[in-house]
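Novice: One structure coming up, written as structure tokens, with questions to follow.
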Amino acid sequence: MAEKCLVNSSCNRSSNNSFSLYCFQKRTTIQSSFRNVSTITCSSFKKGFYIRNNVSPNRAFKSMAYQEKSRFIILESSKRKKVPLFVMMPEDTFGIDTSGNAKIKKIRAIAASLKALKLAGVHGITVEVWWGIVERSSPSEYNWQVYEELFKLISDSGLKLHVALSFHANMHLTTNGKQGVSLPLWIMEIGRLNNDIYYRDRHGFSNHDYLTLGVDRVPIFCGRTALQCYEDFMLSFKNKFEHLMGSIIKEISVGLGPSGELRYPAHPSNDGRWRFPGIGEFQCYDKYMMEDLELVACIEGKPEWGCKGPENAGCYNSVPDGVPFFEYGPESYVSDYGQFFLEWYSGKLLRHADVILEKAAKMLEKYQNDGPDSVLLVAKIAVVYWWYYTGSHPAELTAGYYNTPLRDGYDPLALMLSRHGAALRVSCFEMNDHDMPRGYHCGPEGLLRQIWTVSKERLVQLTGQNETEIFDTQGLMQIIANCYNPHRAGVKSFTYSRMNAKVFIPENWNNFSRFVRHMNLE
């Protein structure tokens, strides 16, 4: 995710690596048609089983407090297949020249790097196709020239393409936030007149990385809604590069939020509001989201619930202890109001992805035959792993993942992806629970297990990515172990993030080359 934190991998493993996790018992309540959730009793916060909301209690599986010992030994399996490896282009691949046109920076260095990656056995390159570059100056005017040049350079090197259609900005990822790629200039001009097109927190601060879900169906972008802008962009891309579909372009991921991930910008590190391991804040205070919340609350028969978000949910850098909304109580996330708000908040996110992926799947329908010329449709989610081994999962809740011990927040997501034949892209493949800072109840491995489980049940293919910059043997071997775990379904592909000068330092290159060879083993 954009607000990723780099953790200290030298942290010692604690002598007791288990975390206590609350146990819940359901008590039946009358539920409205708007949500199907259960309340819980105070006495149920005792022992540890995690109950899926769509399975019976006798199919409950062990709580997320249970942690497997990390496996670094690659176990051979008769079902082991080669995992195609894509390498993501550098963050500063593109620049803007003096005339305002996009250009490829350091093109000779990129060409040499592509040849080296091909010789090492890399399958393809992941390229972010920026909305802010292609439709930069005027609505519905698309300039694909810089991507025609880059795609030719990649295909001439014998490499395949994973295209990431990117509807977000990345200004904060570069020096002083003054370079990088912004949203289209004409979108930003609309935003200068109407700041409510962006996400807003309860303090009134906006995030300009992605348009708020509240404008998905509001025709304020020169007569188009945000969803129509995304659809028109995807259609223009398809028309321009259809001759590469299936032969060169093997995967297309569709951006669904900040950093291309389906989430709210609840943990904005770029402006100093958030620092790891803060729980983050809900992002629903622009006027369009609040109008929608008010409408849904009235339909629910609780108009008083529609005037604001939770007022007792702490701030960006709070920890769960002492924050009433994330503890058990009459005004917490398990209250009637808490359940209502979280269903609405997470539901908006799912509906946003559902509509965009439906349109993308329809455009790619002729390439969804699972044959040699097929194109894989991919959606990426954030890996919010801190405070995972707690009862309330606060950092996930603020990001839009309604994942608690009584509700599997990733199951409805997997179900939605399954309807559209889309794969799920998950990072953190290089992470271990025991490498996380102690005291923050981090669970990248537990989270990955949970996502793997629901993906298998919903017949959703999984693709992987690393969350942090990784060059050491231990981290690379952990990626391989996750990609080839014989006890789980296979990984469709893996994206290494990302190509830069550090990769080609001799020691790092030796480690990376061995990593590629492992990934290429049949």
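The values are calculated or read from the model by the stated rules, or taken from the named source; none is laboratory data. What you see is a predicted model, and the numbers here were worked out from it, not measured in a lab. As a convention, Cβ positions derive from the backbone with ideal geometry for all residues, glycine included, and neighbour counts pool all protein chains shown. SASA here: full protein model, heavy atoms, side chains in, ligands and nucleic acids out. Shrake-Rupley method; radii C 1.70, N 1.55, O 1.52, S 1.80 Å.
Novice: It is to be established whether one or more residues within region 305-321 are crowded, with 20+ Cβ neighbours inside 10 Å and charged (D, E, K, R).
Specialist: No, the conditions are met nowhere in region 305-321.
Novice: Looking at (1) open to solvent by 10 Å² or more (accessible area, probe 1.4 Å); (2) within 18 Å of the chain's Cα centre (by Cα); (3) aromatic (Phe, Trp, Tyr), find the lone condition where TYR440 falls short.
Specialist: (2)
Novice: State the number of residues belonging to region 221-241 that are of a type in the set (S, T, N, Q) and in contact (Cβ under 8 Å) with a residue 40 or more places away in the chain.
Specialist: 1
Novice: Let me ask something else about it. Applying the selection to region 282-292, what residues are open to solvent by less than 40 Å² (accessible area, probe 1.4 Å) and assigned to a loop (DSSP other than H, G, I, E, B)?
Specialist: Of everything in region 282-292, those that are open to solvent by less than 40 Å² (accessible area, probe 1.4 Å) and assigned to a loop (DSSP other than H, G, I, E, B) turn out to be PHE282, GLN283, CYS284, ASP286.
Novice: Continuing with this model, one more query. Tally time: how many residues in region 312-332 are under 21 Å from ALA297 (Cα atoms) and without any contact (Cβ under 8 Å) to a residue 12 or more places away in the chain?
Specialist: Within region 312-332, residues that are under 21 Å from ALA297 (Cα atoms) and without any contact (Cβ under 8 Å) to a residue 12 or more places away in the chain number 1.
Novice: Would you confirm, using the coordinates I've provided, whether SER418 is closer than 17 Å to ILE381 by Cα, open to solvent by less than 10 Å² (accessible area, probe 1.4 Å), among the polar types (S, T, N, Q) and in contact (Cβ under 8 Å) with a residue 40 or more places away in the chain?
Specialist: Judged against the criteria, SER418 is not a match.
Table: residues versus (1) at pLDDT below 95; (2) at negative phi; (3) open to solvent by 30 Å² or more (accessible area, probe 1.4 Å); (4) aliphatic (A, V, I, L, M).
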position	(1), (2), (3), (4)
PRO444	no, yes, no, no
ARG458	no, yes, yes, no
HIS487	yes, yes, yes, no
PHE494	no, yes, no, no
ILE505	no, yes, yes, yes
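Novice: Could you please find all residues in region 464-476 being closer than 22 Å to ALA116 by Cβ and crowded, with 18+ Cβ neighbours inside 10 Å?
Specialist: GLN465, ASN466, ILE470, GLY475, LEU476
Novice: Also, I was wondering about something else. Can you find a residue that is part of a loop (DSSP other than H, G, I, E, B), modelled with pLDDT under 95 and open to solvent by less than 10 Å² (accessible area, probe 1.4 Å) anywhere in region 370-383?
Specialist: no
Novice: Counting only residues that are open to solvent by 10 Å² or more (accessible area, probe 1.4 Å) and in contact with an Asp or Glu (Cβ under 9 Å, 6 or more places away or on another chain), which one in region 334-353 is farthest from ILE381 (Cα to Cα)?
Specialist: Ranking the qualifying residues of region 334-353, first place goes to TYR337.
Novice: OK, next. For residues in region 337-369 being polar (S, T, N, Q) and not in a helix (DSSP H, G or I), which is nearest to PRO405 (Cα to Cα)?
Specialist: Of everything passing the filter in region 337-369, GLN368 is nearest to PRO405 (Cα to Cα).
Novice: Please state which of the following conditions THR390 fails to meet, knowing it meets all the rest: (1) under 19 Å from the mean Cα position of the chain (by Cα); (2) of a type in the set (Val, Ile, Thr); (3) farther than 30 Å from VAL127 by Cα.
Specialist: (1)
Novice: Restricting to region 262-271, what's the tally of residues that are open to solvent by 20 Å² or more (accessible area, probe 1.4 Å) and of a type outside the set (D, E, K, R)?
Specialist: 2
To keep it simple, each residue is scored yes or no on (1) over 22 Å from the mean Cα position of the chain (by Cα); (2) not in a loop (DSSP other than H, G, I, E, B).
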{"site": "ASN270", "(1), (2)": "no, no"}
{"site": "GLY280", "(1), (2)": "no, no"}
{"site": "GLU294", "(1), (2)": "yes, yes"}
{"site": "CYS298", "(1), (2)": "yes, yes"}
{"site": "TRP305", "(1), (2)": "yes, yes"}
{"site": "VAL319", "(1), (2)": "yes, no"}
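Novice: Oh, and also: What number of residues in region 455-498 are of a type in the set (D, E, K, R), assigned to a loop (DSSP other than H, G, I, E, B) and out of contact with any Ser or Thr (no Cβ under 6 Å at 6 or more places or on another chain)?
Specialist: 4
Novice: Moving on to the next point. Looking for whichever is charged (D, E, K, R) and either under 16 Å from the mean Cα position of the chain (by Cα) or closer than 30 Å to GLY322 by Cα (or both) here; the options are LYS456, LYS380. Which one fits?
Specialist: The unique qualifying residue is LYS380.
Novice: Which one is nearest to GLY278 (Cα to Cα), of the residues in region 354-363 that are surrounded by fewer than 22 Cβ atoms within 10 Å (Cβ to Cβ) and touching a residue at least 12 places away in the same chain (Cβ under 8 Å)?
Specialist: Ranking the qualifying residues of region 354-363, first place goes to ASP354.
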